[in-house]
1. What lysines could a cross-link reach from Lys180, if we take a straight Cα to Cα line under 28 Å and drop same-chain neighbours fewer than 8 places away?
2. How about the range 155-242: which GluC sites (Glu not before Pro) there lie in a loop by DSSP and see at most 16 other Cβ atoms within 10 Å?
3. Test of the criteria: in the range 4-68, which trypsin sites (Lys or Arg not before Pro) are in a DSSP loop and have at most 15 other Cβ atoms within 10 angstrom of their Cβ?
4. Going by Cα centres, the range 421-444 and the range 158-222 are how many Å apart?
5. Give me the number: length gained by fully extending Phe460 to Thr66, i.e. 0.36 nm times residue separation minus the C-alpha to C-alpha distance, one decimal in nm.
6. Per residue, how large is the accessible surface of the chain? Use a 1.4 angstrom probe and give square angstrom.
7. Dipole magnitude of the chain about its Cα centre, charges +1 at Lys/Arg Cβ and -1 at Asp/Glu Cβ only, in debye to the nearest 20?
8. How high is the relative contact order of the range 1-148, in percent, with contacts defined as C-alpha pairs under 8 Å that are six or more residues apart?
Amino acid sequence: MNVVSIKDLYEKKPIGESMLIGGWIKSLRKSKAFSFVVINDGSTQKDLQVIVDDKFDNYEDFVKCTTGSSVIFDAKIVESQGKQDFEAQANGIDFFHAAADDYPLQKKGTSMEFLREVAHIRPRTNTFGAVFRVRHALTMATHKFFSDRGYFNVHTPIITAMDAEGAGEMFRVSTLDPKKLPMNDKGEVDWNKDYFGKESFLAVTGQLEGEAFACGLGKVYTFGPTFRSENSNTARHLSEFWMIEPEVAFADLDDVADLGADYIKYMIQYAMDNCADELAFFNKFISKGLLDKLNNVLDKPFTKITYTEAIDILANSNKKFEYKADWGRDLQTEHERFLTDEHFQGPVIVTDYPRDIKAFYMKQNDDGKTVRAMDILVPGVGEIIGGSQREESYDKLVARMNEMNMHQDLYKWYLDLRRFGTVPHAGFGLGFERAVMYITGMSNIRDVIPFARTPKNLEF
Ligand code: 4AD
Ligand code: MG
């Protein structure tokens, strides 16, 4: 068919040339001998105005089209009479489909909540077109950032037997018939009879397999779907989200903290270079001051504090928190937001958390109380990255696994990495949707993933 995208038109401005142009109608204004039709095809934030004379045979039917209808014009690009860069003059209407009367996106001002109910139609809106073009750009930025720095992309498994984060928030994968579950002598379900011959789940992380690859290829990263059955109905939790997990051999916590800060800055710069129209749109309509806020982050190093220092700052602030910030307990969202939005007014790297609230694999500090963990917190979102230096000592790792009553046979292979040429290594996970939220200023995580999965919600 050879339909030209509106994005290409804005790049080339081919005044005087004719071509096929397709799009969805945003508005159709009929006047005496012609109509003004504004279309968008999703390739760019910008719309195209097309002038359609009444001389075409199908004109009378076409002008009944309302918002949401589709059209393909044969059209010539001409200098604009109005304030646009250029416009198109139709030579003919090659195809159109009038949307049914109950098209859900009639007028502006539809709420985000309503748009979630029509998640199959919302890619047509200015807001969601912009979100998903930025999401694409950040995907490309991610691969470019890591690949340019010598990291190899690894596809880690989605089905697993391991609860690597130890939080027990896993979705079961099973082919057993729930009405006829096989039982063993102890009256428990006999998972040996299940598809994999053991209990199996969707992965909460690809980190452990990432470590195996880092201890062979040196520097790797994953970029994959991640599943958590935590019952969190918040604006920053999904049951299915995408995570990027770099893992680096011959590296310590400071190395990956710097890597995380550089990666976030790189994504911001990449979005600015490739999605200027979208960011301008967010700055104007979604989050005023977004561009200043992002620009500010680019020139400064991220503040780095220990968890213990964070607790002191929170305890000495005059702020009333719902939950008190006590040493030994995880930081709540309200604590993270106070540090980033009020106290430091920028991203913060918090390191050396209490070991009892963290996963088994983290490197133990000499104090016996903390581990070499880090979270990167950003304004408006909170935790965007969680990472750590990994325990490379076989004995310390086994001791910790015993303390935590872990199923050792599942992790024998993981312990092997500490038996055959162990090395200091570290990595982190970045929640991709949280990064998209941060860079677009969108305030609910359900609005930065195409089709959100959250507790009691599995539409589309
Ligand atoms: O802090 P988390 O749980 O860390 C890990 O999974 C490690 N294995 C990462 C590593 O060291 N390789 O998760 C990492 C990030 C969080 O900082 C957050 O941004 C995101 O994943 N995340 C979620 N995003 C959306 N919905 C959820 N339910 C999320 N849980 C974590
Ligand atoms: Mg975390």
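The values are calculated or read from the model by the stated rules, or taken from the named source; none is laboratory data. Small disclaimer: the values here were computed from a predicted structure and weren't measured. Don't worry about glycine lacking a Cβ; one is built from the backbone with ideal geometry, like all the others, and counts go over all protein chains shown. Remember, those area values only see protein heavy atoms, side chains included, never the ligands or the DNA or RNA. Shrake-Rupley method; radii C 1.70, N 1.55, O 1.52, S 1.80 Å.
1. Once the sequence-local lysines are set aside, what remains near Lys180 is Lys193, Lys198, Lys456.
2. On the way: sites: Glu165, Glu169, Glu188, Glu199, Glu209, Glu211, Glu230, Glu240; in loops: Glu165, Glu169, Glu188, Glu199, Glu230.
Listed in order of number, the matching sites are Glu169, Glu188, Glu230.
3. Values: sites: Lys7, Lys12, Lys26, Arg29, Lys30, Lys32, Lys46, Lys55, Lys64; in loops: Lys32, Lys46, Lys55, Lys64.
Passing both the DSSP loop test and the Cβ count: Lys32, Lys46, Lys55, Lys64.
4. Each part reduced to its Cα centre gives a spacing of 23 Å.
5. Working: separation 394, 0.36 × 394 = 141.84 nm, distance 2.54 nm.
Answer, rounded to one decimal: 139.3 nm.
6. Working: 22600 Å² over 460 residues.
Per-residue value: 49 Å².
7. Roughly 760 debye, rounded to the nearest 20.
8. On the way: 240 pairs, mean separation 29.4, N = 148.
For the range 1-148, the relative contact order is 20 percent.
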